[in-house]
Amino acid sequence: MLFLAVFCGFLAEYYLEHKIEHNREKQFIESLIKDIDADTAQLSRIKGFRLARLSSIDSLNNYLAKNTSATISLHGIQLLNNLKGHVAFFENSGTLDQLKNAGGLRLIRKRNVVDSIQLYDQQIKRMALRDLFETDEMRYAVRLSYKMIDGIMLSNIYADTSYFNNNTLRTDASGTIAYNSKDAGEYLNSLVTYRFVVESNMRVQESIRKIAENLLILIKDEYNLK
């Protein structure tokens, strides 16, 4: 009888421990779904940014390729400014970091889900590295643009607040700044590289978005979640 009581107590403790772990697993899974949903929404917004950036690159490339004068219009300056800045992706990794710290995803019982989570995490890290390269290309193009235009004339324009308040001024071709066409070739070459990187990263990002969507489908199927 004593043995039976001890054995039953062991079973009860074993059952309770597994029930607690299963509840934690479910909580982590539900939280992970929210993180991946937030990631896919962010990826969609960044895709919109990159599409706009490609359009800006094309507009600037066409403008400079046709510009044979020794000046650049204020509209051209605005086109140059449109290429400044970058929107990077920041993974919502709170849940995944907790899972790793909990013991290498051991709480997730389904091996196919673990494999898919790890694939997603690897691809996100790959994208982060490519993001840095894209930022570097943007900065390089900006630095080259500074060589093409007269900085003193540009500073005088920026000192006039009407430049920022008057939209018609930005497309006024009569307002011009001295322009060094000798440096335009190098800049145009940098735009070609920059465009290639943006377009390539957008394709990579789209593939990761699909990986994220497939991961969500897999998780919801395996855990019978709506």
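The values are calculated or read from the model by the stated rules, or taken from the named source; none is laboratory data. Predicted model only: the values in this text are computed from it and were never measured. With ideal geometry, Cβ positions are generated from the backbone for all residues, glycine too; neighbour counts draw on all protein chains shown. SASA here: full protein model, heavy atoms, side chains in, ligands and nucleic acids out. Shrake-Rupley method; radii C 1.70, N 1.55, O 1.52, S 1.80 Å.
Points worth noting:
- Just so you know, in region 65-88 the residues that are assigned to a helix (DSSP H, G or I) and in contact with a Phe, Trp or Tyr (Cβ under 7 Å, 6 or more places away or on another chain) include one that is farthest from Ala178 (Cα to Cα), and it is Leu79.
- Restricting attention to region 83-122, the residues that are free of Cβ contacts under 8 Å to residues at least 40 places away in the same chain and open to solvent by 60 Å² or more (accessible area, probe 1.4 Å) total 8.
- Test for Leu60: is it open to solvent by less than 50 Å² (accessible area, probe 1.4 Å), farther than 30 Å from Ser207 by Cα and modelled with pLDDT of 85 or more: no
- Cβ-Cβ distances below 9 Å connect the following pairs, each with a first residue in region 132-157 that is touching a residue at least 60 places away in the same chain (Cβ under 8 Å), a second residue that is part of a strand (DSSP E or B), and a separation of six or more residues or different chains: Met148/Ile72; Met148/Tyr179; Ile149/Ile72; Ile149/Ile177; Ile149/Ala178; Ile149/Tyr179; Leu154/Ile177; Ile157/Ile177.
- Of the helices (runs of 4 or more DSSP H) lying entirely inside region 125-226, those carrying at least 3 residues that are modelled with pLDDT of 85 or more are 184-222.
- Criterion (over 30 Å from Val113 (Cβ atoms) and either at pLDDT below 90 or open to solvent by 30 Å² or more (accessible area, probe 1.4 Å) (or both)) met by exactly one of Gln78, Gln27: Gln78
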